[in-house]
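Undergrad: Questions regarding the structure given below will be posed in turn.
The values are calculated or read from the model by the stated rules, or taken from the named source; none is laboratory data. Predicted model, so just to flag it, every value in this text is computed and none were measured. A quick note on method: Cβ atoms are made from the backbone with ideal geometry, for glycine too, and the neighbour counts reach across all protein chains shown.
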Amino acid sequence: MLKVYHAKNTRSTRVVWLLEELGLPYETEVLEFSPEALQSETYLAINPLAKVPSLTDGDLILNESAAITLYLLAKYGKGRLEPAQGTRAHGEYLQWLIFAEASFMPPLSAIAQHSFIRPEEKRVPLIVAEGQADARKIIGLIDRALAGKAYIAGAEFTAADTMLGYNFLLASLFGLWNAETSPNVAAWYGRISARPGFQKATA
Ligand SMILES: N[C@@H](CCC(=O)N[C@@H](CS)C(=O)NCC(=O)O)C(=O)O
């Protein structure tokens, strides 16, 4: 049985959401998002960096949300939630899927770290301001990429939407965009966040 280690509003949202979209049976261990819970001896044996998500599939342990996404699709997807491999559409899909973690998460993480995760004396307001500026630039780019498209990789909902959708859950919580500044993002985010899988993953 697949098992996901999940904490609310963290990147494990991507994994729970994808599992729901794929209709796979899985169990969830919900962790409190606190150093005590993540650094317990039991959890460190699963994730030595004390982060979420983790996924176990038998004796396989995976600790990266993008890797978990690609693994689940390769093993259980049966071609669902991704364009056909080797096509131009698949290339664009992969780029957005990886972009979500590799290029968009750093400014969002900087905002989170320096707004509420680190102890107050270790927070640097300038890092928050720079993170907000960088994140807004990226949101502008995504808004332009979504023009005339229902989903980030084209007409169909894919795992690039579950990866990137999580970034927008955070960006929404951080007040980084609205329907006036980002109309295409607003339409897209409205569509994806109405899906039952997103609702379940964010409950
Ligand atoms: N690249 C990893 C990042 C995992 C990560 O940083 N998770 C955050 C929550 S969103 C975390 O557990 N942070 C705890 C900490 O840094 O102490 C992934 O995509 O899964």
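Undergrad: Only one of these conditions is not met by residue 55: (1) within 13 Å of the ligand (Cβ to nearest atom); (2) surrounded by fewer than 17 Cβ atoms within 10 Å (Cβ to Cβ); (3) at pLDDT 95 or above. Which number is it?
TA: It is condition (2) that residue 55 fails.
Undergrad: Separate question: Any chance the range 32-50 includes a residue that's touching a residue at least 60 places away in the same chain (Cβ under 8 Å) and either on the phi > 0 side of the Ramachandran plot or crowded, with 21+ Cβ neighbours inside 10 Å (or both)? Even if it seems obvious, please write down each step before you answer.
TA: Initially, the range 32-50 is screened for residues touching a residue at least 60 places away in the same chain (Cβ under 8 Å), giving none.
No - not one qualifying residue is present in the range 32-50.
Undergrad: crowded, with 22+ Cβ neighbours inside 10 Å, of a type outside the set (D, E, K, R) and closer than 20 Å to residue 10 by Cα, is that true of residue 168?
TA: Working: crowded, with 22+ Cβ neighbours inside 10 Å: yes; of a type outside the set (D, E, K, R): yes; closer than 20 Å to residue 10 by Cα: yes.
Yes.
Undergrad: Quick test of your reading of the structure: residue 74 fulfils all but one of (1) more than 9 Å from the ligand (Cβ to nearest atom); (2) part of a loop (DSSP other than H, G, I, E, B). Name the failing condition by number.
TA: (2)
Undergrad: Being free of Cβ contacts under 8 Å to residues at least 40 places away in the same chain and surrounded by fewer than 16 Cβ atoms within 10 Å (Cβ to Cβ) is the filter; apply it to the range 128-148 and report the residue that is farthest from residue 113 (Cα to Cα).
TA: Filtering the range 128-148 for residues that are free of Cβ contacts under 8 Å to residues at least 40 places away in the same chain and surrounded by fewer than 16 Cβ atoms within 10 Å (Cβ to Cβ), the one farthest from residue 113 (Cα to Cα) comes out as 148.
Undergrad: Right, something else. Could you give me the residue pairs with C-beta distances under 7 Å whose first residue belongs to the range 107-119 and is assigned by TED's automatic domain parsing to the domain that holds residue 130, whose second residue is of a type in the set (Phe, Trp, Tyr) wherever it lies, and which are 6+ apart or on separate chains?
TA: 111/174
Undergrad: Another question about this same structure. Which numbered condition in (1) under 20 Å from residue 105 (Cβ atoms); (2) in a loop (DSSP other than H, G, I, E, B) is the only one that residue 179 fails?
TA: Result: residue 179 fails condition (1) only.
Undergrad: Got a number for residues in the range 30-66 being under 20 Å from residue 200 (Cα atoms) and of a type in the set (A, V, I, L, M, F, W, C)?
TA: So the answer is 6.
Undergrad: Hey, among the residues in the range 60-71 that are of a type in the set (Val, Ile, Thr) and in a helix (DSSP H, G or I), which one's farthest from the ligand (Cβ to nearest atom)?
TA: Checking each candidate, the answer is 69.
Undergrad: Another one. Name the single residue, out of those in the range 1-31 being of a type outside the set (A, V, I, L, M, F, W, C) and assigned to a loop (DSSP other than H, G, I, E, B), that is surrounded by the fewest Cβ atoms within 10 Å (Cβ to Cβ). Walk me through how you get there before you give the answer.
TA: To start, the set of residues in the range 1-31 that are of a type outside the set (A, V, I, L, M, F, W, C) comprises 3, 5-6, 8-14, 20-21, 23, 25-29.
If we keep only those that are assigned to a loop (DSSP other than H, G, I, E, B) as well, we get 8-11, 23, 25.
Numbers: 8: 15, 9: 14, 10: 21, 11: 23, 23: 9, 25: 7.
That would be 25.
Undergrad: Of the residues that sit in the range 9-52 and are aliphatic (A, V, I, L, M) and within 11 Å of the ligand (Cβ to nearest atom), which one is modelled with the lowest pLDDT?
TA: Within the range 9-52, the first condition is being aliphatic (A, V, I, L, M), and the residues that meet it are 15-16, 18-19, 22, 24, 30-31, 37-38, 44-46, 49-50, 52.
With the extra rule that they be within 11 Å of the ligand (Cβ to nearest atom), the set shrinks to 15, 31, 37-38, 49-50, 52.
Details: 15: 98, 31: 97, 37: 93, 38: 96, 49: 97, 50: 97, 52: 98.
That would be 37.
Undergrad: Follow-up. Can you go through 101, 130 and tell me which one is near the ligand (Cβ under 10 Å from one of its atoms) and either closer than 21 Å to residue 10 by Cβ or in a helix (DSSP H, G or I) (or both)?
TA: Working: 130 fails: near the ligand (Cβ under 10 Å from one of its atoms).
Result of the check over 101, 130: 101.
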